[in-house]
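Participant: Have a look at this one.
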Amino acid sequence: MYKFTSSEILPHSWTVTTLSDVAEINPLINFAQYDDDTLISFVPMPLIEELTGRLDSTRLEKLGKVKKGYTRFLEGDVLFAKITPCMENGKVAVAENLKGGIGAGSTELHVLRPRGEISNRYILYYLLQNDFRGDAQHHMTGMVGQKRVPSKFIESSEIPLPPLNEQRRIVSKIEELFSRLDEGEAALMRVLRLLTSYRQAVLRAAVTGELTKEWRDTNPPCIESGSDLLERILAERKIKWEAANSNKQYRPPTAPDVINLPSLPDGWCWATVDQLTCHITSGSRGWAERYSTEGAIFIRAQDIKTDRLVLDSIAHVNAPQNVESERTRVQQYDLLVTITGANVTKTALVTQELDNAYVNQHVAIVRSVVSDISQYLYYWIVSPANGRKILERLAYGAGKPGLNLTNIRELVIAFPPAAEQTRIVSELDNRISVVDSLSSVLKQEFQRAKIFRQSILKAAFSGQLVEQDPTDEPASVLMQRIHSEWQTPTSKPTACPLSKEQGKRTPKQQPSLWEPT
């Protein structure tokens, strides 16, 4: 069970009790009095928000469809996700605005119905504490991926209980402070969206020539155009290929079909990734048995999920010394493209020197003929209006997310002269670094807000958030009254708390909601 601990001594009017003393845990509800065609609120797990205490009750289903095989609850019940990772993510909510006051939802919910006058939102905020959910995680049972918080943990967990009026003051203060945080986070999110939009716009402008239009007017491609640069790259590509494949006939790369492509700025031309690269391959399969605690770096799709190579949690392999390992060895200035899974199309440019690194089967290596163009190719591929748009359409067109190497080779690039590429890369590096820096600050503020929310909750449940009123009825007296009102039935009952006509609790059923089956 969760053992309540506090560095501060609780106010004398408070008491420490258990959740089962202040709430019915998973009470039964009888829907027999309703027709199967009665519409009720239906709340699957995705409709419960994380860490906000809210849910979406607008989805309706006929009772006959959901009366079996789902969790039942009433208006005002507290819902607590019991399965991983929903519980850890903070899917806890008060059931509000239910159609007719009744609802059904995910089987992976514990239902807590406050006894007597206990505040449901006081219980809600207690369950939203990181400390409580962290302890619940340690007490989960079941198989990996299907672990659940047992009901006994909820029933026996301790909760500090203030007087009823103080519960209301605490909830009011929490919601006042959380409302201010919500406003601040909403403002942060608006700025973050603006930065994201700006980043996308500047990428699009850069790789279509709009960003460098004024520069191009005063710097015409009088020395080498994009077409000239492409011809030089193609010649170098053939030399490299023949050096590596002396016994094979050279096959020219796929050229772009320019018939339906838009016009380009002066000096630009269309090219394919195949024309601009000398090595495109994906990682090897069957290296699972080669995983190690040390050795070569093994780059996975999760290392590229932010369009950067982030090696915070490095995997290692003992790579074989053969042609296969050389094929998948990463070099500086390689582009790494995720070709399967949730991160498909995410791309990183390897800017650092990696002494000994390889990619797994979910990542493709795209190596430019000349490293000078790698940065520009990277920006084209990650541009949402250009390379990313095309690759995502290819990846998701067949259902399961995935790219093949031909998709990458045939990707068409708007290719500027070398001098303009340098200018574009410089402009993008400067502007995007500012955007990324600001975004990082905003994300840190989001983290600070999360920490502050937990600090508010800690203060609330240790008696430090609001002042005590000596005229309040002590919590111990409140609990005595609740115990006398809520008597355990001699036979296991089924709750039937709603008036069919009014869709809400009726006065005669308070404080006791029990009726015989």
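Participant: Normalised by the number of residues in the chain, what is the relative contact order in percent for Cα pairs under 8 Å and 6+ residues apart?
Facilitator: RCO, the chain: 18 percent.
Participant: Another question, if that's okay. Using only Cα atoms, find the angle between the long axis of helix 164-207 and the longest principal axis of the chain, and express it within 0 to 90 degrees, rounded to the nearest 10.
Facilitator: Rounded to the nearest ten degrees, it is 10.
Participant: Under 8 Å for C-alpha pairs, at least 6 residues apart: give me the relative contact order for region 327-439, rounded to a whole percent.
Facilitator: Over region 327-439, the number comes to 24 percent.
Participant: Express the C-alpha Rg of region 81-214 as a ratio against the empirical globular expectation 2.2 N^0.38 Å, rounded to two decimals.
Facilitator: Ratio of Rg to 2.2 N^0.38 Å for region 81-214: 1.55.
Participant: Hey, another quick one. In degrees, nearest 10, range 0 to 90: what is the angle between the Cα axis of helix 418-460 and the longest Cα principal axis of the chain?
Facilitator: Approximately 10 degrees, to the nearest ten.
Participant: Taking a 18 Å limit on the Cα-Cα distance, which of the listed pairs Lys62/Lys82; Lys346/Lys389; Lys173/Lys458 fall beyond it? Don't jump to the answer; show the numbers that get you there.
Facilitator: On the way: Lys62/Lys82 25 Å; Lys346/Lys389 12 Å; Lys173/Lys458 13 Å.
Distance filter (> 18 Å) returns Lys62/Lys82.
Participant: Whole-Hz ³J(HN,Hα) for each residue in region 224-235, computed from phi via Karplus 6.51 cos²θ - 1.76 cosθ + 1.60 with θ = phi - 60°, x for glycine and proline: what do you get?
Facilitator: For region 224-235, the Karplus curve yields 9, 7, x, 5, 4, 4, 4, 4, 5, 5, 4, 5 Hz.
Participant: Now for a different question. Each residue of region 37-46 in turn: what ³J(HN,Hα) in whole Hz from Karplus with 6.51, -1.76, 1.60 and θ = phi - 60°, glycine and Pro shown as x?
Facilitator: Per-residue couplings from phi come out as 7, 5, 7, 10, 6, 10, 10, x, 4, x Hz.
Participant: To continue, here is another question. Extension gain Lys389-Ser313, at 0.36 nm per residue separation less the Cα-Cα distance, in nm? Don't skip to the answer; put the middle values down first.
Facilitator: On the way: separation 76, 0.36 × 76 = 27.36 nm, distance 2.93 nm.
Full extension of this stretch gives 24.4 nm more.
Participant: Tell me the carbon and sulfur percent of the accessible area for region 256-390, rounded to whole percent, probe radius 1.4 Å.
Facilitator: Numbers: 2770 of 5990 Å².
C and S atoms contribute 46 percent here.
Participant: Any idea of the accessible area per residue across the chain, 1.4 Å probe, to the nearest Å²?
Facilitator: Accessible area per residue: 51 Å².
Participant: Please list 251-263, 79-91 highest first by mean number of surrounding beta-carbon atoms within 10 Å per residue.
Facilitator: Ranked by mean Cβ neighbours within 10 Å, highest first: 79-91, 251-263.
Participant: Now for a different question. Could you derive backbone 3J(HN,Hα) for region 106-115 from the dihedral phi with the Karplus parameters 6.51, -1.76 and 1.60 (θ = phi - 60°), listing whole Hz in sequence and x where the residue is Gly or Pro?
Facilitator: Per residue, the Karplus-derived 3J(HN,Hα) values read 3, 6, 8, 10, 8, 10, 10, 9, x, 7 Hz.
Participant: Specify which labelled value, from (i) 158; (ii) 207; (iii) 191, agrees with volume of the Cα convex hull per residue in Å³ derived from the coordinates of the model shown.
Facilitator: Checking each listed value against the structure points to (ii).
Participant: Below 8 Å between Cα atoms, with a sequence gap of 6+, how large is the relative contact order for region 63-204 in percent?
Facilitator: RCO, region 63-204: 21 percent.
Participant: Something else now. Taking the mean number of other Cβ atoms within 10 Å as a proxy for protection, how do you rank 120-128, 401-409 from highest to lowest? Numbers along the way, then the final one.
Facilitator: Values: 120-128: 21.8, 401-409: 17.6.
Top of the packing list down: 120-128, 401-409.
Participant: What number, rounded to the nearest 500 deg cm²/dmol, is the helix-based mean residue ellipticity at 222 nm of the chain, given -39500 (n - 2.57) per DSSP H run of at least four residues and division by all its residues?
Facilitator: Computed ellipticity for the chain at 222 nm equals -11500 deg cm²/dmol.
Participant: So, one more: Using a 1.4 Å probe on the protein chains only, how many percent of the accessible area of region 98-230 belongs to carbon and sulfur?
Facilitator: Working: 3200 of 6180 Å².
Exposed carbon and sulfur together represent 52 percent of the surface.
Participant: Report, by chain and number, residues whose modeled amide H sits under 5 Å from the one on Val43, excluding near sequence neighbours (fewer than 5 apart, same chain).
Facilitator: Long-range HN contacts for Val43: Ala104, Gly105, Ser106.
Participant: Which of the peptides 360-373, 49-62 is most tightly packed, and how do the rest follow, going by the mean number of other Cβ atoms within 10 Å of each residue?
Facilitator: Top to bottom by mean Cβ count within 10 Å: 360-373, 49-62.
The values are calculated or read from the model by the stated rules, or taken from the named source; none is laboratory data. Small disclaimer: the values here were computed from a predicted structure and weren't measured. Don't worry about glycine lacking a Cβ; one is built from the backbone with ideal geometry, like all the others, and counts go over all protein chains shown. These area figures cover heavy atoms from the full protein model, side chains too; ligands, DNA and RNA do not enter into them. Shrake-Rupley method; radii C 1.70, N 1.55, O 1.52, S 1.80 Å.
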